[in-house]
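Worksheet: one structure, shown below.
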Amino acid sequence: MRSFVRAAQVKTLLHNKCVVVLGGSVQRSMYKDLVQLLQTDTILTLAQLKSKGEHSFERDRLLEGGRLGLMSNGTDYREVRQYQTEHHLLRFYFITRVYSPYMQSVLQELRQGLRPDVIIVSSCVWDMTRYGLNCLEKYKENLHRFFGQIKSVVCPDGLIVWTLAMPLAKQIKGGFLVPEVSHLEPSLCSDIIEANFYGGQLADAYGLDTLDLHFHFRLSLQHRMPDGVHWDSLAHRSISTLLLLHVAQAWGIILKVDHSTLSLPAPPPPVSVSKRKIPRRKAKWIPPPPPMMGPGPGHAPWCPPHRPHRPPGPPFWGPRPSFPGPAFRMHPFPRPPPPRRMMAPPHPFFRHPPPDWGPMRGGWRRANNRMHPYYPPGPRPHMWGW
């Protein structure tokens, strides 16, 4: 996808709206890209995508967890961020399970305080890797509990978008995949697909909106990071565009995307180099090496031919050498065709027939033309219809 929304369109679309993003590290990058879009059209840098738990990102602030608490890769990690202006409010909650005691506290906080207009939520990879062997069955039960309570959080005309997990690589190097669950890596790709299918069907049954990011990015794997889980800045700008187009369509707003190129982040400053001029040496011409002699019997095309001694007489008296014998003459270029005068002339090659030929019907033929020897006497018919 190479069509993106602009910052002015996002400001107008989310004017006086409250947006809440729930999920893991991929959803945190979605939140950061939305914060960036509300200020400028520049995409995120690699350092901004990799950083987590920082005190401030593009004028937002850390409310809970992150560097205010304990930085870890465990299921107890917390991070709550918020970006607020006069007409916009974005909040992000880092979750490691779709339904847990911490998720119940988050839903209670949203129910009593914010009442968001849009909720973007996703939770799949952590649920499938960190909670026991029968994690898929537990994940299905937690989805039922979460979808049954999430509708009571938003406004009456609010929008809940359930995003499916993005494609994973076969070899994962992410920090969440600890050695204790490394045995799940070979089958994790297929397990994510099964979980996505069940989550999408269940969200549709509960009346929620579904955005299949796995389908949209199944052919854009070149934008996936080397760890096999996260994605680059262009992919996240495409995700933001898909989300905002979905929200605009749900609200009955026509949002036109921009087909022009993005303003990429400024390149790093150049490294200082010494101003001393290095003299350039002129390249000396070296003649090419002579051609190598080909291995095997026989002589190379440029060597003089060698003919062994043969007994006198016609050619059929002595043994005729055959390829690849030493007497086989090779030539670097094909022999030209003989001139016209040396070729066999077309028939007939004379103007008048010889005296032993006589006139016959259809042309000149010999008088004693070939006839069948057992024909009866008298006028004989022609065999070939002449």
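Taking the criterion of being aliphatic (A, V, I, L, M), open to solvent by 20 Å² or more (accessible area, probe 1.4 Å), over 13 Å from Thr85 (Cβ atoms) and under 26 Å from the mean Cα position of the chain (by Cα), would at least one residue in segment 8-23 satisfy it?
Pass one, segment 8-23, residues aliphatic (A, V, I, L, M): 8, 10, 13-14, 19-22.
From what is left, the residues that are open to solvent by 20 Å² or more (accessible area, probe 1.4 Å) are 8.
Cutting the leftovers down to over 13 Å from Thr85 (Cβ atoms) gives us 8.
Of the ones still in play, those that are also under 26 Å from the mean Cα position of the chain (by Cα) are none.
No, because not a single residue in segment 8-23 is aliphatic (A, V, I, L, M), open to solvent by 20 Å² or more (accessible area, probe 1.4 Å), over 13 Å from Thr85 (Cβ atoms) and under 26 Å from the mean Cα position of the chain (by Cα).
Which ones in segment 106-163 are in a loop (DSSP other than H, G, I, E, B) and open to solvent by 40 Å² or more (accessible area, probe 1.4 Å)? Working first, answer last.
First, pick out the residues of segment 106-163 that are in a loop (DSSP other than H, G, I, E, B): 113-117, 122-124, 130-134, 151-158.
Within segment 106-163, Gly113, Leu114, Arg115, Arg130, Tyr131, Gly132, Leu133, Asn134, Lys151, Ser152, Pro156, Asp157 qualify.
One residue is enough: does segment 64-84 have a residue meeting the conditions over 35 Å from the mean Cα position of the chain (by Cα), charged (D, E, K, R) and closer than 17 Å to Gly148 by Cα?
no
Filter segment 25-68 down to the residues that are β-branched (Val, Ile, Thr) and either touching a helix residue (DSSP H, G or I) at 6+ places or on another chain (Cβ under 7 Å) or open to solvent by 30 Å² or more (accessible area, probe 1.4 Å) (or both) and list them by number.
Filtering segment 25-68 down to residues β-branched (Val, Ile, Thr) leaves 26, 35, 40, 42-43, 45.
Across segment 25-68, the qualifying residues are Thr40, Thr42, Ile43, Thr45.
Quick one: would you say Gly74 is surrounded by 16 or more Cβ atoms within 10 Å (Cβ to Cβ) and either on the phi > 0 side of the Ramachandran plot or free of Cβ contacts under 8 Å to residues at least 40 places away in the same chain (or both)? Steps first, please.
On the way: surrounded by 16 or more Cβ atoms within 10 Å (Cβ to Cβ): no; either on the phi > 0 side of the Ramachandran plot or free of Cβ contacts under 8 Å to residues at least 40 places away in the same chain (or both): yes.
In short, no.
Filter segment 24-56 for residues that are of a type in the set (Asp, Glu) and either within 30 Å of the chain's Cα centre (by Cα) or under 24 Å from Arg115 (Cα atoms) (or both) and give the result. Reasoning before the result, please.
We begin by selecting, within segment 24-56, every residue of a type in the set (Asp, Glu); these are 33, 41, 54.
Within segment 24-56, Asp33, Asp41 qualify.
Taking the criterion of being in a loop (DSSP other than H, G, I, E, B) and closer than 18 Å to Val154 by Cα, would at least one residue in segment 49-61 satisfy it? Give the steps one after another, and end with the answer.
Keep residues of segment 49-61 that are in a loop (DSSP other than H, G, I, E, B), which gives 51-60.
Imposing the further condition that a residue be closer than 18 Å to Val154 by Cα reduces the set to none.
For segment 49-61, residues in a loop (DSSP other than H, G, I, E, B) and closer than 18 Å to Val154 by Cα: absent.
The values are calculated or read from the model by the stated rules, or taken from the named source; none is laboratory data. What you are looking at is a predicted structure, and each value in this text was computed from that prediction instead of being measured. Note that we place each Cβ from the backbone using ideal geometry, even for glycine, and neighbour counts take in every protein chain shown. Protein only, heavy atoms only, side chains kept; ligands, DNA and RNA dropped before computing areas. Shrake-Rupley method; radii C 1.70, N 1.55, O 1.52, S 1.80 Å.
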